[in-house]
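The values are calculated or read from the model by the stated rules, or taken from the named source; none is laboratory data. Keep in mind that what you see is a predicted model, and the values were worked out from it rather than measured. Here Cβ is always computed from backbone atoms with ideal geometry, including for glycine, and neighbour counts include all displayed protein chains. Remember, those area values only see protein heavy atoms, side chains included, never the ligands or the DNA or RNA. Shrake-Rupley method; radii C 1.70, N 1.55, O 1.52, S 1.80 Å.
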Amino acid sequence: MKTDIILAGVGGQGILSIAAAIGSAALTNNLYLKQAETHGMSQRGGDVQSFLRLSDTPIYSDLIPMGGADLILSVEPMEALRYLPYLKPNGYVVTNTVPFINIPDYPEEQSVIAKIESLPHHVLIDADGIAREEVGNVRASNFVMLGAASPFIDIPFDYLAAGIEAIFNRKGQEVVDMNLKALHAGREFALRYAAGK
């Protein structure tokens with residue numbers, strides 16, 4: 001088993017919390033894990049990405065080669081496009097449809113979405129809307145995204161849920177429950193989305 005994941009987004013969107021939850025789940029599942037992160041002006045809305053490499057055998061590099069990613073999980077649609085050269089031909093892109101417009105020349109939103117829709121394997125999800133309506137807190141949208149990507153991550157879903165519990169336990173059960181609700185909502189959406197294809 002080997003899964004190479006690129007997490008992409010903008011500072012403040014919870015990318016590193018997603019990485020922490022997946023990392024905890026992988027270690028609990030006795031998998032090897034390598035991680036490399038880049039924080040580009042993350043406090044000011046700059047791009048943030050994390051390479052996560054999971055395997056049941058030792059991993060010798062923390063970098064994912066071009067054309068080597070099984071999954072791009074992006075909490076912002078344009079950031080998904082930035083990493084397409086890394087995607088395997090049969091890889092999945094799971095992205096939030098809500099843009100974070102942090103540059104004056106942000107591309108036309110429909111063209112960004114159309115490019116993602118042209119890919120053979122993708123899930124487009126309004127994670128902000130689902131977090132607001134089903135969870136009651138738009139800040140949980142990052143875990144809606146993790147839930148939407150969970151069918152394409154080779155870790156049992158219960159381990160991902162346990163990863164969320166592990167990283168948020170110190171913040172109290174209410175925070176844990178909110179993020180678990182977001183995780184489940186995202187997964188349910190992705191399973192319906194895949195079934196409708």
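Could you please let me know if Ser150 is modelled with pLDDT of 95 or more and touching a Phe, Trp or Tyr at 6+ places or on another chain (Cβ under 6 Å)? Here the answer is yes, as Ser150 does meet what is asked.
In region 50-65, which residues are assigned to a strand (DSSP E or B) and either touching a residue at least 60 places away in the same chain (Cβ under 8 Å) or buried (at least 21 other Cβ atoms within 10 Å of the Cβ) (or both)? If the condition is that a residue be assigned to a strand (DSSP E or B) and either touching a residue at least 60 places away in the same chain (Cβ under 8 Å) or buried (at least 21 other Cβ atoms within 10 Å of the Cβ) (or both), then Ser50, Phe51, Leu52, Arg53, Leu54 are the ones that fit.
Name the single residue, out of those in region 1-35 being over 20 Å from Leu183 (Cα atoms) and more than 15 Å from the chain's Cα centre (by Cα), that is least open to solvent (accessible area, probe 1.4 Å). Within region 1-35, the match that is least open to solvent (accessible area, probe 1.4 Å) is Leu31. Looking at region 166-177, is at least one residue more than 21 Å from Gly23 (Cα to Cα) and either among the aliphatic types (A, V, I, L, M) or more than 12 Å from the chain's Cα centre (by Cα) (or both)? Yes, region 166-177 contains at least one residue that is more than 21 Å from Gly23 (Cα to Cα) and either among the aliphatic types (A, V, I, L, M) or more than 12 Å from the chain's Cα centre (by Cα) (or both). Of the residues examined, Leu119 is not one that is of a type in the set (A, V, I, L, M) and over 20 Å from Leu84 (Cβ atoms). Across region 1-39, which residue is farthest from Ala140 (Cα to Cα) among those that are without any contact (Cβ under 8 Å) to a residue 60 or more places away in the chain and outside any strand (DSSP E or B)? This residue is Asn30.
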